[in-house]
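A quick write-up on the structure given underneath.
The values are calculated or read from the model by the stated rules, or taken from the named source; none is laboratory data. Just so we're clear, the structure is a prediction, and the values are computed from it rather than from any experiment. Ideal geometry is used to build each Cβ from the backbone, glycine not excepted, and the neighbour counts take in all protein chains shown. All accessible areas refer to the heavy atoms of the entire protein, side chains included, with ligands and DNA or RNA removed. Shrake-Rupley method; radii C 1.70, N 1.55, O 1.52, S 1.80 Å.
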Amino acid sequence: MSEDTGLRGSNLCSVDFEIYGHVQGVCFRMYTEREGLSLGLVGWVKNTNRGTVVGQVQGPQQQVNEMKVWLSKEGSPSSRITRAVFKNEKDIPKLELSGFSTRF
């Protein structure tokens with residue numbers, strides 16, 4: 001069975017995130033987009049006026065879990081993550097987004 005994220009099934013899930021700390025002005029969005037694509041995920045990321053970074057990722061559960069660890073502990077090289085909040089995690093029958101983008 002294929003792990004292609006464009007297919008239905010494969011235990012797909014979606015999760016929203018908000019990352020706190022020194023995460024703006026350190027290429028966090030670019031690295032998040034790059035990491036999501038490298039894991040075969042779809043989603044989006046953007047800065048907030050609160051100094052945090054928010055977004056959503058969708059894809060197979062295992063890869064989404066890997067992305068959650070990356071968002072919580074690694075981030076961009078110059079970032080300092082103090083807290084990562086994940087909410088609205090749910091199983092989805094098919095991907096609701098395509099690609100991975102930075103929103104403004």
For the pair Lys73 and Lys87, the simple spin-label estimate (label points 7 Å beyond Cα toward Cβ) gives in nm 2.5 nm
What the 10 Å binned alpha carbon P(r) of the chain shows, as percent of pairs per bin from 0, is 17, 52, 26, 5, 0
With label points set 7 Å from each Cα along the Cα-to-Cβ direction at Arg103 and Gln62, the distance between them in nm comes to 2.9 nm
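From Cα pairs below 8 angstrom and at least 6 apart in sequence, can you work out the relative contact order of the chain, rounded to a whole percent?
Details: 221 pairs, mean separation 46.2, N = 104.
Relative contact order for the chain comes out at 44 percent.
Taking a probe of 1.4 Å, how large is the accessible area per residue of the chain, in Å²? Each step should come with its number before you reach the end.
On the way: 5890 Å² over 104 residues.
Computed with neighbouring chains in place, this is 57 Å² per residue.
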On the accessible surface of the chain, probed at 1.4 Å with all protein chains in place, carbon and sulfur together account for a percent value of 47 percent
Probe 1.4 Å, all chains present, heavy atoms only: Glu33 accessible area in Å², nearest 10, is 50 Å²
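If you stretched the chain out fully between Asn11 and Arg34, how much longer would it get, using 0.36 nm times the residue separation minus the C-alpha to C-alpha distance?
6.0 nm is the gain from fully extending Asn11 to Arg34.
Fully extended, how many nm does the chain gain between Val54 and Cys27 (0.36 nm per residue separation, minus their Cα-Cα distance)? Intermediate results must be reported in sequence, preceding the final value.
Numbers: separation 27, 0.36 × 27 = 9.72 nm, distance 1.37 nm.
The Val54-Cys27 span can extend by a further 8.3 nm.
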In debye to the nearest 20, the charge dipole size for the chain, taken about the Cα centre with +1 at each Lys and Arg Cβ and -1 at each Asp and Glu Cβ, equals 400 debye
